[in-house]
Amino acid sequence: MFEVEEKTRVDAIDRTLYDFKDKLDPAMIVNSGLTEKVVRQISLEKEDLEWMTEFRLEALKTYNSLDIPTWGPPIDGLDMDNIITYVRPKGEMSAKWEDVPEDIKNTFEKLGIPQSERLSLAGVGAQYDSEIVYHNVRKEVEAQGVIYTDIESALKGDMADVVRSHFMKLIPPTDHKFAALHGAVWSGGSFVYVPKGVSVEIPLQSYFRLNAPGAGQFEHTLIIVEDDAYLHFIEGCSAPKYNIANLHAGCVEIFIGKNSRVRYSTIENWSKNMYNLNSKRALVEEGGIIEWVSGSFGSHTSYLYPMSILKGDNSRMEYTGITFAGEGQELDTGAKVIHMGRNTSSHITTKSISRDGGKSNFRSEVKITREAENSKSAVTCESLMLDDQSRSDTIPVSDIRNSKVDIGHEAKIGRISEDSIFYLMSRGLSEDDAKALIVGGFAEPIAKELPVEYAVEMNNLINLEMKGSIG
Amino acid sequence: MALLEIKNLKVAVEDKTILNGVDLKIEPGEIHVLMGQNGVGKSTLVSAVMGDPSYEVEGGQILFDGEDITDASPDERARKGIFMSFQNPLEIPGVTMENFLRTARGSIRGTKEKIVAFRRELEEKMDALGMDHAYADRYLNVGFSGGEKKKAEILQLLMLQPKLAFLDETDSGLDVDAVKTVTEGIKHFHNKENSLVIITHNASILDGLDVDKVHVIGKCKILRTGDRSLIDRINEFGYASVTEEV
C-alpha cells in the first residue's frame, strides 16, 4: 500500500467537540511566571504540609539550575514568564456530580465523562485546571481496599507516609527541567492504591481538562499496586485552543509489585497551542508487567516517552502507541526501558501519521544492564506520511551491556498509494473516506488495544483529522 | 438506451496513447467479452471507464445510462453502478473485508447497512463462492493467495450489485475448480438488468454463460466484433486469424 507519491490533500480539521471554552471564572489564580513568591502562594493556597513547601522550593532551585533540553523539538514558543501555574476552579472537590459547578459539569458532560463512569468505569477523577473537582469510586471496589482519591487528600490521609515515601521518587525533580518545574508547582492528580492480591476488574479513569488560557497543568498521578494485583488506569486529556501557549507538565509514577500487572491507557487530545512535556515512569518488580497504551493527537509540541524500569527478574513491558501530527505540530514521542532483572522483556510498537507539514518523531531508548541476562527487546515503528510537506524521523537508541540478549529493531516509513485510494474509490468511497479508511486501518492494531470507548474516540479523532468535519 | 456507450475514446498513459478511437455499446443484460494480445489496452479501457486517475482521457466520451461520466470521479461512477474487478487487488491492512464492504455498500446506496443482516447476507454469498467465513474478518486482501483475492473480488461484485461489471482477467492464476466457482458467482450475479464485460484469454470462465458479443482489441482500437465463435477461432488459430482479414 505504500510507495506512490501522494498528491491530493485533506482539508484542515475542526475540533469543535473539544474546543468549547468556558468563561474564565476561577476561585483563585496566581500571577503568571515562576518565582519563589508564586510557589509559596501555591503552597499556601493548597495548605501544604511543611515538608511539601520545602520540597517545592527545593524543586524551584533545581528548576533554575537546569537548562532547557536542546535535543528535542524547539520549545522557544514557551515562555515561563507568561505561564500561569495555578488556577483554582470554583467549588470544592466532590464525590457527587450534582455538587460540581454548573459550567464545569457541562464541560465534563460534553466530554462524556459521567456517562462513561456509569457505563464502564470503576472510578472517575475529573480535574479542571489546577484542581480535581470530582472524585468517586464504586463501593465494591472500595470494599476491596482499593484507594482512589485526589493526591492532596492522600498526602494528608491514612496513607500519608506511603504517599510521601513514593512522591517524586521515581521521577525526582533533578531528572530534568520540567520534572523540577512539576515539583515546584504540581497540583491535582490522582492517587491509586491496590492492595496485594486484588484485581480491579474494570478500569479507573482520570480526566484532565485545562480551560484557562495561558495556564499550565501539573497534575501528579501516583499509582501503587502491591503484589499479585491488577489495575487498568485510563487517562484522558483535552483543552480548548487559545492563541497563547499553554503548558502541560504532569508526572505519572507507577509502582508495580511482584507478579502484578498494570495497564495504563492514555488518549491525549490537547489543543494545538499546548506544550505537552509530560513524564511517566513505572518501576516493575519481579514477574510484574507494565502495559502502556498511548494515543497522542493534540498539542503544539510534545515530548512524551513513558519509561519502564524492569527491576525484577522476569518482569515485562509492552508499549503500544500512536501519534498523529497535523499542521504546525511536532510530536516527539516514544518509550524508554531499562532492563535490570534477568529474563526481562520489552516490546515497543508504535505507529505515527503526519499530515499537512506535521512532524512526528519516534524516539526510543532500550538499555540492558550487565546483570540483565537473557533479556529480550523488540522495537517496531511504522510511519505514514500523507503528503510531501510532512516529516517523520526515527531515533532509536540501544545501550546493551551484556551479550546474552535478543534485541530487534524494525522501522518502516511509507505513504498512502494512489492505487489503494483508487481501489477504494472504485467501490464507492469518496477520496476522503478512502484515506480515512486506510489511515484507520493503519491505526487499527493500536485501536484494538484501547478500551472500546477510547477506540471509538480515536477513530473519531482520526476521522476529524482526516476530513474537515462540519462543526 | 444503452447502459454504456463509449464514443471515439482516446486514452493515454504517461503521454503514450494506448487507445485511439474506441467505440463500444453495451445494452442492459448483455455479456461482452474483451480479448486481445497482452498489452494492447484491454485493462486500459476498463480503467478509463472506471476513472483511474493514472489514465488520461484525451478525447471522446463515456456515457452511462445516458449520462456523460467522462469527467466523473471513480466513486461517482461506482455510485452510478459501475464496478471493476482488479487484476491485482490492493491490500488494505487493518480494515476487515466485512467492514470495508459494509462501508462501500453504504456509500453506494447512501444508506446505513444493518450490521446483522449485512453479515448474514455476506456469509450466504461466501458460501456460494466456497469461501470460509473467516475471510470476512480478515484484513482486506492481506495475506490472501492469488485465488482468494480473485474470489474476494467476485464476492464484492455480489455484495455491491452494480449495473455494469468489468471482470479483468479474474480467471488468471486460478485452478480449474476455482474458475468454475467464479463462473458460478458470475451466473449468480447476472440478470436481465445488469451487464458484464469479461476480459479473458481462456474460454472456460465463460462456460454456461450466454455471451452476446466478443470484441478483439488491437492497434489501439476494437478491431473486430463478433459472436462467441470468435473465441474458438482465436483459441485455435491465434489472434492474427481474426484480425488480419479486417
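What percent antiparallel are the DSSP beta bridges of the range A:16-428, to the nearest 5?
10
Gap in Å between the Cα centre of the range A:122-167 and the Cα centre of the range A:219-288?
Each part reduced to its Cα centre gives a spacing of 15 Å.
Output wanted: per-residue J couplings in Hz (rounded whole) for the range A:448-456, from phi through Karplus 6.51 cos²θ - 1.76 cosθ + 1.60, θ = phi - 60°, x for Gly and Pro.
These are the phi-based 3J(HN,Hα) values: 6, 7, 8, x, 3, 4, 6, 5, 5 Hz.
For the peptides B:10-16, A:271-277, what is the packing order when you average, over each peptide's residues, the other Cβ atoms within 10 Å and list the highest mean first?
Descending mean neighbour count gives A:271-277, B:10-16.
What is the calculated FRET efficiency for A:Lys169 to A:Glu102, with r their C-beta to C-beta distance and R₀ = 30 Å, to the nearest 0.05?
0.15
Could you please tell me the mean projected area of the C-alpha convex hull for the protein assembly as shown, averaged over all directions and given in square nanometres to one decimal?
34.8
With each pseudo-label sitting 7 Å past Cα toward Cβ, what's the B:Ser73-B:Ala240 distance in nm, one decimal?
Distance between label points: 4.8 nm.
Between the range B:29-67 and the range A:317-377, what's the alpha-carbon centroid distance in Å?
Using only Cα atoms, the two centres lie 48 Å from each other.
Which distance in nm do the two modelled labels at A:Ile68 and A:Thr35 give, with both placed 7 Å along the Cα-to-Cβ direction?
Placing both labels 7 Å beyond Cα along the Cβ direction yields 2.1 nm.
Taking every residue in B:85-94, how many Cβ atoms of other protein chains lie within 10 Å of its Cβ, on average?
Mean inter-chain Cβ contacts per residue within 10 Å come to 5.
Which value, in debye to the nearest 20, describes the size of the charge dipole of chain A about its Cα centre when Lys and Arg Cβ atoms bear +1, Asp and Glu Cβ atoms bear -1, and nothing else is charged?
Rounded to the nearest 20 debye, it is 580 debye.
Taking all pairs of different Cα atoms in the range A:343-422, averaging 1/r and flipping that mean, what Kirkwood radius in angstroms comes out?
Taking every pair of different Cα atoms in the range A:343-422, averaging 1/r and inverting gives 14.1 Å.
List the trypsin sites (Lys or Arg not before Pro) within the range A:400-471 that fall in a DSSP loop (any state other than H, G, I, E or B) and whose Cβ has at most 12 other Cβ atoms within 10 Å.
The qualifying sites are A:Arg401, A:Lys404, A:Lys448.
For a footprinting-style exposure proxy, rank B:Lys42, B:Lys125, A:Lys241 by other Cβ within 10 Å, fewest first.
A:Lys241, B:Lys125, B:Lys42
Please state the charge dipole magnitude for chain B, taken about the Cα centre, from unit charges on C-beta atoms (+1 on K and R, -1 on D and E), reported in debye and rounded to the nearest 20.
Rounded to the nearest 20 debye, it is 400 debye.
Could you pull out the pairs from B:Lys151/B:Lys221; A:Lys412/B:Lys42; A:Lys110/A:Lys336; B:Lys7/B:Lys213 whose alpha carbons sit more than 26 Å apart here?
B:Lys151/B:Lys221; A:Lys412/B:Lys42; A:Lys110/A:Lys336
If you take each beta carbon of peptide A:428-441 and count the beta carbons of other chains within 10 angstrom, what is the mean?
6
When the Kirkwood hydrodynamic radius is evaluated over all pairs of different C-alpha atoms of the range A:16-428, what value in angstrom, to one decimal, is obtained?
The Cα-based Kirkwood calculation yields 21.8 Å.
What share of Cα pairs, in percent, lie more than 17 angstrom apart in the range A:42-107?
66
For the peptides A:340-347, A:60-67, A:328-335, what is the packing order when you average, over each peptide's residues, the other Cβ atoms within 10 Å and list the highest mean first?
The peptides rank, most packed first, as A:328-335, A:340-347, A:60-67.
Which of the listed residues, A:Gly295, B:Leu206, B:Leu155, is farthest toward the dipole's positive end in the protein assembly as shown, when Lys, Arg count +1 and Asp, Glu count -1 at the beta-carbon?
The listed residue farthest towards the positive side: A:Gly295.
Which of the peptides B:18-25, A:351-358, A:163-170 is most tightly packed, and how do the rest follow, going by the mean number of other Cβ atoms within 10 Å of each residue?
A:351-358, B:18-25, A:163-170
To the nearest whole number, what is the average tally of beta carbon atoms from other chains within 10 Å of the beta carbons of peptide A:414-426?
Per-residue shielding by partner chains comes out at 6.
So what's the convex hull volume per residue for the Cα atoms of the range B:188-246, in Å³?
97
In nm, to one decimal, how far is the B:Thr225 label point from the A:Asp393 one, both placed 7 Å along Cα→Cβ?
Result: 6.1 nm between the two label points.
Based on the Cα gyration tensor of the range A:13-137, what are the three equivalent ellipsoid semi-axes, each the root of five times an eigenvalue, rounded to whole Å and given largest first?
30, 21, 15
Laboratory data are not the source of any read-out in this text; all were calculated from the coordinates shown. This one's a predicted model, so the numbers in the text were calculated from it and none came from an experiment. So basically every Cβ, Gly included, is an ideal-geometry build from the backbone, and we count neighbours across all protein chains shown.
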